[in-house]
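Please treat every number below as a calculation from the coordinates, not as lab data. In this text the structure is predicted, and so the values were computed from the model without any measurement. Cβ atoms come from the backbone with ideal geometry, glycine included; neighbour counts cover every protein chain shown.
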Amino acid sequence: MSTDADVIIVGGGCIGATIARELAADHNVLLLERDQIAGETTGHSSGIIQPQYQFPHLPKAGRLSFRFFESLDGHRNYEYTARELVNLHGPEKTEQVQRYTELVSRNGGYDTTWLSAAEIDERYPGVFNVGEESPIAGGMVYGRMGWVDPYTYTTTVSQDATDRGATIETGVEVTGLLVEAGNVVGVTTETGDYRAPEVVVAAGRWSRELVADHIAIPIQPQRFWHINLESETDLSQRVSDEYPQWYMDLDFGDGLPADLGLEGFMATFWRPEHTGELHVAGIEGLLGENPSVKTTVDEEFHLLLAERIADILDEFDEGRVTNDGCCPTGDAMSPDWLPIIDSPADGPAGLTIATGFSGLGLSASPIAAAAVRQLISGHGAPFSLASLSLDRFDDRSAEFAEPPFDVFDTSVFEE
């Protein structure tokens, strides 16, 4: 199948669409998506803009991300809402959190503040149970975070890409790469071949199998769940630019369903909704090579989660679940939680990979776009790509245990 494209992008989620927008200014871009734009993992994401959460060691990348999302505010139907994020913690981590907060602020240049439980209660009065039995000892406040609607954002940047000359074809499933004499020359699909000298694979968890005949990528699929809880307390008044989103490793003890593959603790986010309900979401962990992805959350876990949230929020009683679900496709995780954005030297020439965003791809999408431009055109990224390269992994097997992830890990900073 003939095409005039210079670059084929595989994947129409937030990463692929943002890359298409970036490259379309001076390349003939063809984006191929097997479903619809933002129809899979992106459409089920949280919408949190938090680049410093994943890239504390790359402050220039974080600033690029914030500038991009803020600059689009009011464009088409897209809106950007500034909103703080607070990482809460128990007493065992107070010293570590204080140190991490200092390093993020000093080395990363981010707006971060450590608050004790009493200071959190003073800053957000009436929200938390900070008495003697509260699990909260303090928290780290990210002063510059944001929220966008993932679907609206992705359709906005994809429309920008087409306005700049890109072609987007949906309902086209890419099945592999076309490689001749060590060079990428296009992709294969169920309906025919598309040819171009550059191919960017940004297909989430499917990226590994698409390039498997030519290079190995160490990623595994990862699933996320969400539920909405309705309480006697109407939380709609808590939806504002000033009211933050919250994060904490919640201790569920023996109550976590066995199929989650986790032991006791789970990374959990929550925020109030305009409906007055509380939206709660969390990471379920790795699913293995051939996951059977459920679409609902365990009923007993519903009840336990409501109890844990009620222990923390002073204004929330144990609410009933109004809806629940899991990301039906799963994102992809690398062995160190950082994405892989690279044109691997040991892969076919002309191949670029952007995958392994560990559920944080939305806020990383402008970073990925700048990095891919750097890899293809030799300019565009005001930050080092070394920590994102594929060759940082000696073992590229997909059979790795879920890597430990400490939100307050100080080792990411060089002293």
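In cubic angstrom, how much convex hull volume per residue do the alpha carbon atoms of segment 178-229 span?
Given the Cα convex hull of segment 178-229, per-residue volume reads 115 Å³.
Please list 115-128, 97-110 highest first by mean number of surrounding beta-carbon atoms within 10 Å per residue.
Final packing ranking: 97-110, 115-128.
Compute the separation of the alpha-carbon centres of segment 93-135 and segment 31-71 and state it in Å as a whole number.
Measuring centre to centre over Cα atoms gives 25 Å.
At a Förster radius of 45 Å, what calculated FRET efficiency corresponds to the Cβ-Cβ distance of Arg320 and Glu399, to the nearest 0.05?
0.65
State to the nearest 20 debye the size of the charge dipole of segment 1-89 about its Cα centre, where the only charges are +1 on K and R beta carbons and -1 on D and E beta carbons.
Dipole magnitude for segment 1-89 comes out near 320 debye.
Please list, in order along segment 11-28, the HN-Hα scalar couplings obtained from phi with the Karplus expression 6.51 cos²θ - 1.76 cosθ + 1.60 (θ = phi - 60°), rounded to whole Hz, x for Gly and Pro.
Values per residue, Gly and Pro as x: x, x, x, 4, 5, x, 5, 5, 4, 4, 4, 5, 7, 5, 4, 9, 9, 7 Hz.
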